[in-house]
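The values are calculated or read from the model by the stated rules, or taken from the named source; none is laboratory data. All of these numbers come straight from a predicted model, not from anything done at the bench. Here the Cβ positions follow ideal geometry from the backbone for every residue, glycine too, while neighbour counts run over all protein chains shown.
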Amino acid sequence: MAITEQKNRNSYGLLNSLRAAVWLEWQTRGNWTNPWLFTLYILGKPISAALVLVFMYQIVSGGRSNPTILGYLIVGSATWAFVDTVMGEFPRTVLSDREEYAMLKYVYIAPHRFITFLIGRATPRILMAAVAFTVTLSIGVVFLKIPIHIVSVNYLLLLVTMLIGFVSLIGFGVAFAGLALVLKRGAWDMSTAISGALYLVTGAIFPITILPGFLRDISLVIPLTYWIELTRRSVLGYSSPGMPSSWAVTLLIQIITTILVTTIAVIAYYICEHFAKERGQLDRATGN
Amino acid sequence: MTAAHMHADSPAIQTIDVRRVYKSRSGFTFGGQKAGKSVTALDGVSLTIQKGELFGLLGRNGAGKTTLIKILTTLLAPTSGEAYVDGLDVNKYVIPIRKKIAMVSGGEQSGYGILTVREQLWMFAQFYGVPSQAAHKKIDQLLEAVGLGDQANQKVYALSTGMRQRMNLCRALVSDPEILFLDEPTVGLDVEASRIVRNYVRSWMQEQRGRTVLLTTHYMFEADELCDRVAIINHGQIVAQGETDDLKKGLQEHARFQFELAEWAPAFEEELKQSRGVVSAQSMHQKGKVSVQIALENEEYITSAMQTISSAGGHVLTLRRIEPTLEEVFMRLVGTADDEKSAGEDEEK
Amino acid sequence: MEPAQQQNLKTSQWRESLRLGWRTLIGRAYPRIVSAAREPDWVFYEVALPVLQVIAFGFVYKSLGRPQYTGFVVLGGAMLAFWTNVLWSMAGQLHWERQTGNLELYLMAPSSMLWILAGMAFGGMVATLFRSIVILLIGSLIFGVTYQIVSAPLLILIFILTMVALYGLGSMLSSLYLMYNREVWAIQEVMQDPISLITGFYFPVRALGGIIGGLASVIPLTLGLDGMRQMLFPQLGQSFLPPGIEIAILGVLALLFLVGASWSLTYIEKLAKIEGRLSLKWQ
């Protein structure tokens, strides 16, 4: 009886912690301005990122349009909105709670797993990224005539790869939150910088076949590569150079690499946490 | 008014009917703006602090102490009224005032964790135009004086709260200000660190004539120990000001004494109550001793009260006057002010 | 007082104020410069990883069959370091200083806040220049970028004017941001990518067309980058305006932003004092 009660309390505590974290995220980073500016905040970054690629292509093509190439660029860039928006939120939560709100130590000593709290804080960002993803694709379809046909999209594959993709994102995010624990305030830039590094090796905006051999090898063990590829395949219907031709094989590799990366990420987080505690960095405010 | 204030005899600080109202910002919606609220932090504050005084401003959280300090340190504009620092209008002579003042707040986390204590102090000395060599000399002196001599090359983030606050005090003094604002400077500090801060403030005042300190604090004993004069602020209004002894005396309606007797007889109390000038008498039996508290119309009646006890066969072992503490003064005044306010509000309703 | 004496007094006051300003500038620049040496973890996330981002965009040009355009990306990436520095460590800095309690101490000092901002800009520029050079070197090595310098003095002039105008803009924004609370960080985020788009970090701004390119020229990096590209990659063409006109506009922008920074600082300080926002934390 007592054990059952304890179990109930634990699961209730977990849900409570998640819910409170989601609510807090909305209060601190969502509910801060008028809805118009907030809309711009959600959409400005992903749309700009996609348009940078469109203009780069225009410069190269001399203004001629190729919907297949543009489709490749825009779907990759739109999917990247999830990575950019969600993954960066983990280290940002650590840094803002430590440096700006000075709340990290109090949240940390609460009787929940800190990782649960971090996941809760990142959850609203998934919703925001989903809006950005949809709007970016819609702009691509309406203005750039990229070849997406609503009836021929493989929605089931899209849903499955997205869900697994979120798990890998959380894995990366947790590891970077661990890094933020041991880094100083300047680590605000870390999420942007890491995102840039992953941008290079995940085939988000160019086929991985263009990469030098060792970078191509790295890209093959990153689950995000398969997530972006499967998203492209489910939306556009064609595969990228250097990827398995079967969607099922690609999905299987996505699952395996997600499990591997997430496990390593959680271990990395705990190692960082250990160092942060050892060096007394959990409540250390820095700045220059 | 301004011209009249700009001479050597002008008070260190003067405020005349200063009011400050904060207006909270409104929020946004798709449909437009929500209305904001306003809060009166200071409501007609008039104070005069002479040069060379260590003046205490006492009040609860939110009473208006910090707001007044912000106005005097040129960080905040008064909504109405006048405020002068060394005779200079805080609205007009911002830079000349800033050359004369410094401030330390309790619980300060200012500065850069990555710098050493010496570098941090040097940086602030530069903002006041102190040449580097002179700054380093002064920094050495100050750090020694507050017991941080061996921490000069320690990074700021590695300092304890007490050390950090002592460093903040050095930061304020490195520019050699004439008027120092201390806003709850010992809040959160341990006994030793608090004592170091208090002792140094006192010795800094004594080093040179004319130095002035405005101290806000929650700790009544601190104000009692340090201040020449105090003011009590409540709901943005000064409810009392003067020397601490005068305030205490003002609180006492009757002179109160306590004495211990070797033995007790019930008749003593009756005799005392009938004695001339005695307002009340109350005996207490504790740990085999008898102590009696009496209230007299005037302190001169203590002689006749003692004679009454002797005549009745009592033997007085000890006698002391009961002084009210500053805390009692504070509680009485702030409590009264609140009672009056709530009574007023009731009447309005 | 004799007119000559008055003149002497004015001169000595002016000198004293200049000395105080200079000391303030050096004092505020100091933590920025020493922090780079003391906590070298910035090498990881402010140099190594941005380099990877530059490489990613370089590969886009390669994959599209135009490897010669990678020089645009490398130069853009190097200049992006300054934009990031201006955005986060200039524009957002006073807001941050208010949160930590430094702002009120700065304001209470007799030196003008403009000198504090100048110190922040100088320290930030020195630290970022190093980062930027490293990004430029690594990017150039990886993609084998070749530079044909048209005119070194003009190149340096464009760079300096861009920096003055850019940090002037940062100073102006920093005081304007004092009127905002936590939304500052979100506004910064909102600005970062759209501005990367319109200033043409990764492609010549000409691609945006005359109207958008013209509007984007308000941000000094747009013309600064275009001018520098013209000085370094004359063979690629794709210029937006002739260098002479770009230099003139950059000069005007530098002046405007410096005057604007001074004006906005005075205005916002006054307004913030009235509204009580110089030291109030919003929590």
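Annotations
- Residue in the stretch B:227-245 that is at pLDDT below 80 and either closer than 30 Å to B:Leu182 by Cα or not acidic (Asp, Glu) (or both) present: no
Quick grid of which residues meet (1) crowded, with 24+ Cβ neighbours inside 10 Å; (2) away from chain A (no Cβ under 11 Å):
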| site | (1), (2) |
| --- | --- |
| C:Leu64 | no, no |
| C:Pro67 | no, no |
| C:Phe72 | yes, no |
| C:Leu75 | yes, yes |
| C:Phe82 | yes, yes |
| C:Val86 | yes, yes |
| C:Trp96 | no, no |
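- Subset of the stretch A:131-150 [part of a helix (DSSP H, G or I) and loosely packed, with under 15 Cβ neighbours inside 10 Å]: A:Thr134, A:Ser138, A:Val142, A:Phe143, A:Ile150
- In the stretch C:154-202, the qualifying residues are those that are among the aromatic types (Phe, Trp, Tyr) and under 20 Å from C:Gln93 (Cβ atoms), and the one that is surrounded by the most Cβ atoms within 10 Å (Cβ to Cβ) is C:Tyr167.
- Applying a threshold of 7 Å to beta carbon distances and a minimum spacing of six or more residues, or different chains, the list of pairs starting in the stretch B:260-286 at a residue that is at pLDDT 80 or above and ending at one that is acidic (Asp, Glu) reads B:Gly277/B:Glu297; B:Val279/B:Glu297; B:Ala281/B:Glu269; B:Ser283/B:Glu269.
- Counted as qualifying within the stretch B:34-145 are the strands (runs of 3 or more DSSP E) with 3 or more residues that are farther than 24 Å from B:Phe221 by Cα and of a type outside the set (Gly, Ala, Ser), namely B:38-49, B:80-85.
- Check on A:Ala276, among the small types (Gly, Ala, Ser) and farther than 20 Å from A:Ile164 by Cβ: yes
- Check on B:Tyr112, buried (at least 18 other Cβ atoms within 10 Å of the Cβ), modelled with pLDDT of 90 or more and within 11 Å of chain C (Cβ to nearest Cβ): no
- Residues in the stretch B:115-138 that are in contact with a Lys or Arg (Cβ under 6 Å, 6 or more places away or on another chain) and surrounded by 23 or more Cβ atoms within 10 Å (Cβ to Cβ): B:Leu121, B:Phe124, B:Gln126.
- Screening the stretch B:199-233 for residues that are under 15 Å from the mean Cα position of the chain (by Cα) and over 30 Å from B:Arg321 (Cα atoms) and picking the one that is surrounded by the fewest Cβ atoms within 10 Å (Cβ to Cβ) gives B:Val201.
- Residues that are modelled with pLDDT under 90 and within 14 Å of chain A (Cβ to nearest Cβ) number at least 1 in the following helices (runs of 4 or more DSSP H) confined to the stretch C:135-219: C:183-198, C:210-216.
- Positions within the stretch C:1-25 being at the interface with another protein chain (Cβ under 7 Å from one of its Cβ atoms) and either crowded, with 17+ Cβ neighbours inside 10 Å or touching a strand residue (DSSP E or B) at 6+ places or on another chain (Cβ under 6 Å) (or both), in sequence order: C:Leu20, C:Arg23, C:Thr24
- Options B:Ala295, B:Ala305: the member that is part of a helix (DSSP H, G or I), modelled with pLDDT of 80 or more and under 13 Å from B:Arg256 (Cα atoms): B:Ala305
- Pairs, first over 11 Å from B:Arg171 (Cβ atoms) in the stretch B:128-151, second hydroxyl-bearing (Ser, Thr, Tyr) and in a loop (DSSP other than H, G, I, E, B), C-beta under 8 Å, six or more apart: B:Gly129/C:Ser111; B:Val130/B:Ser175
- A residue that is within 12 Å of another protein chain (Cβ to nearest Cβ) and farther than 30 Å from A:Val60 by Cα can be found somewhere in the stretch C:259-269.
- Any chance A:Ala180 is within 30 Å of C:Pro40 (Cα to Cα), within 14 Å of another protein chain (Cβ to nearest Cβ) and not aromatic (Phe, Trp, Tyr): yes
- Checking each residue of the stretch C:19-34 against the condition of being modelled with pLDDT under 80, touching a Gly at 6+ places or on another chain (Cβ under 6 Å) and aliphatic (A, V, I, L, M) gives no match.
- Selection status of C:Leu87, modelled with pLDDT under 90, in contact with a Phe, Trp or Tyr (Cβ under 8 Å, 6 or more places away or on another chain) and in a helix (DSSP H, G or I): no
- Some residue of the stretch B:28-47 being within 14 Å of chain A (Cβ to nearest Cβ), modelled with pLDDT under 95 and surrounded by 14 or more Cβ atoms within 10 Å (Cβ to Cβ): yes
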